[in-house]
Each structure stands twice: as C-alpha cells, then as structure tokens.
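One structure is given below, encoded as structure tokens.
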Amino acid sequence: MDLGLLKDLQQARKDKRQVVLATNLTTGVEKLLYPFDTEDSSKLLLGARNALISDKAGNLETDEGPVFLNIFNPRLRLFVVGAVHIAQHLVPMAAGAGYEVTVIDPRRSFGSDFRFPDVTLDNRWPDDAFVELQADRRSAIVTLTHDSKLDDPALVYALQSDAFYIGALGSNRTNGKRQLRLEKKGFKTEDIDRIHGPIGLDIGAKSPAEIAISIMAQMTAILRQKAV
C-alpha cells in the first residue's frame with residue numbers, strides 16, 4: 001500500500017470515520033472511499049456503503065473490473081443512561097454483540113461496580129459525560145431512567161449527534177410529554193421522530209430481560225437498515 005494512503009487510512013481510523021479500501025483486482029489500483037461523507041450514488045460507492053452497513057468485506061463487479069472492498073468500521077458503541085435493572089440485562093447482550101458499552105448514571109448507588117462488574121461506568125451527568133464521549137454514526141444512545149433530569153439532557157445531545165439509534169424508555173403518555181419538552185427546546189417533529197419511544201420492538205416484553213431483548217432487536221434492525 002502507498003505510504004500516503006496508509007497514513008490517510010490510519011487517520012480515518014483514529015477519527016472513527018467509516019472508510020473502505022477499494023482495490024481494483026485487475027489493475028491493482030487502490031483508493032480510499034468515504035461512502036457516508038458524500039451524496040454520490042455510483043455503483044462503487046453504493047457497494048461500499050452496503051459493505052459498511054453489513055460489516056462484511058467482499059468483491060464488487062464494476063465497469064473498471066472487479067474491486068475488492070475492505071471495510072474499516074469504528075467499533076460499535078452503546079451509551080446507556082440509567083444503571084437500572086433493564087440495563088443489567090442489556091449491557092451483557094450488547095457486549096456479546098460487539099458493542100463497547102458505557103453506562104452513565106450520576107447516582108452512585110445505581111452505577112456501581114457491584115451492580116455492573118467489568119463495565120465502563122461514568123458517574124457524570126449525561127450532558128457533561130457526552131462532551132467527552134462524542135457519539136458518532138456507529139453509536140447508539142439509550143435512556144432508561146424515567147427521570148427527565150437525566151433522560152432529557154442525553155436526548156438533547158443525541159438528537160444533535162450522528163448516533164444511528166436513539167431509544168427512550170416510557171409509555172406512550174410519557175413519550176408524548178417528552179416530545180412536548182423537546183419541542184420547547186426547539187426540536188422539530190422530524191427531529192424528535194428519531195427517538196424510538198416507547199423503546200424496543202413490540203414483542204410483548206414484560207420483564208427487564210425481555211425488554212432488553214426487544215431493545216437489542218430494534219437496535220440491530222436499525223443498524224442493518226431493516227424496516228421495523
């Protein structure tokens with residue numbers, strides 16, 4: 001690989017940008033593609049986008065010959081606001097699915113190592129924590145506290161971020177009240193519609209574990225861009 005290309009690839013990975021190394025298998029020419037940073041809809045870029053979405057490298061036939069698409073995706077991250085019972089089930093599920101998980105809760109009696117062993121805990125308030133954590137296109141943000149003092153700052157940040165998934169626990173009634181509060185903060189309906197609330201797929205979940213399953217299922221569907 002050309003040294004300049006290698007440096008650009010290393011920088012892209014450092015910046016957590018989704019990038020594809022496209023290698024023409026006939027000519028050997030290599031180039032980096034940033035499919036989500038452009039509106040271009042060429043066959044090559046569409047193929048690169050699909051490869052990143054599916055997390056799967058592969059060959060693509062183009063007018064210039066076969067091209068191998070080697071993907072470089074930042075690691076998936078999940079930020080859980082609220083160290084509650086649902087979170088205790090959701091965290092290991094997400095970790096098993098390849099997510100780097102951070103639980104955010106300033107209430108130390110909730111966000112403790114005893115309740116969340118071997119998990120990254122952040123005991124700052126959400127609006128302070130996210131200044132440093134910086135969610136990106138490979139990030140999901142979930143609020144589970146039922147406390148607007150904790151959930152709302154996280155949702156305000158989430159709606160201003162590129163997070164691929166935003167979910168908020170609560171009934172339809174709670175969701176309606178939340179929407180009114182966010183509208184007062186200047187968000188439009190189309191912005192607020194990014195929030196999946198009530199959170200999770202409607203599978204009739206009752207227990208904390210079942211609700212966690214419904215959340216993971218919905219996150220996965222959105223990540224892979226499947227209709228839900």
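What to note about this one:
- Qualifying residue in the range 84-106 (condition: touching a Lys or Arg at 6+ places or on another chain (Cβ under 9 Å), in a helix (DSSP H, G or I), open to solvent by 30 Å² or more (accessible area, probe 1.4 Å) and of a type outside the set (D, E, K, R)): yes
- Positions within the range 119-134 being within 20 Å of M216 (Cα to Cα) and in contact with a helix residue (DSSP H, G or I) (Cβ under 7 Å, 6 or more places away or on another chain), in sequence order: V119
- Considering only residues in the range 107-150 that are aromatic (F, W, Y) and either modelled with pLDDT under 95 or in a helix (DSSP H, G or I) (or both), the one that is surrounded by the most Cβ atoms within 10 Å (Cβ to Cβ) turns out to be F130.
- Test for L155: is it in contact (Cβ under 8 Å) with a residue 60 or more places away in the chain and either in a loop (DSSP other than H, G, I, E, B) or open to solvent by less than 10 Å² (accessible area, probe 1.4 Å) (or both): no
- Within the range 18-41, restricting attention to residues that are modelled with pLDDT of 90 or more and in a loop (DSSP other than H, G, I, E, B), the residue that is nearest to F164 (Cα to Cα) is Q18.
- Residue pairs whose Cβ atoms lie under 8 Å apart, sitting 6 or more positions apart in sequence or on different chains, and linking a residue in the range 202-224 that is farther than 15 Å from V84 by Cβ and outside any helix (DSSP H, G or I) to a partner that is open to solvent by less than 40 Å² (accessible area, probe 1.4 Å) and of a type in the set (S, T, N, Q), are D202/S214; I203/S214.
- Filter result for Q218 (at pLDDT below 95 and within 16 Å of the chain's Cα centre (by Cα)): no
- Within the range 158-201, the set of residues being without any contact (Cβ under 8 Å) to a residue 24 or more places away in the chain, of a type outside the set (D, E, K, R) and on the phi < 0 side of the Ramachandran plot comprises Q160, N175, G176, Q179, L180, T189.
- Restricting the range 1-33 to residues that are over 22 Å from the mean Cα position of the chain (by Cα) and within 11 Å of N70 (Cβ to Cβ), the residue that is surrounded by the fewest Cβ atoms within 10 Å (Cβ to Cβ): M1
- Some residue of the range 44-60 being open to solvent by 70 Å² or more (accessible area, probe 1.4 Å) and among the acidic types (D, E): no
- One residue from F36, F68 being open to solvent by 50 Å² or more (accessible area, probe 1.4 Å), in contact (Cβ under 8 Å) with a residue 60 or more places away in the chain, farther than 30 Å from A205 by Cβ and out of contact with any Phe, Trp or Tyr (no Cβ under 6 Å at 6 or more places or on another chain): F36
The values are calculated or read from the model by the stated rules, or taken from the named source; none is laboratory data. Being a predicted model, the structure only gives us computed values, none of them experimental. Glycine gets a Cβ as well: all are built from the backbone with ideal geometry, and neighbour counts include every protein chain shown. Please note that ligands, DNA and RNA were not included when accessible areas were found on the heavy atoms of the full protein model with its side chains. Shrake-Rupley method; radii C 1.70, N 1.55, O 1.52, S 1.80 Å.
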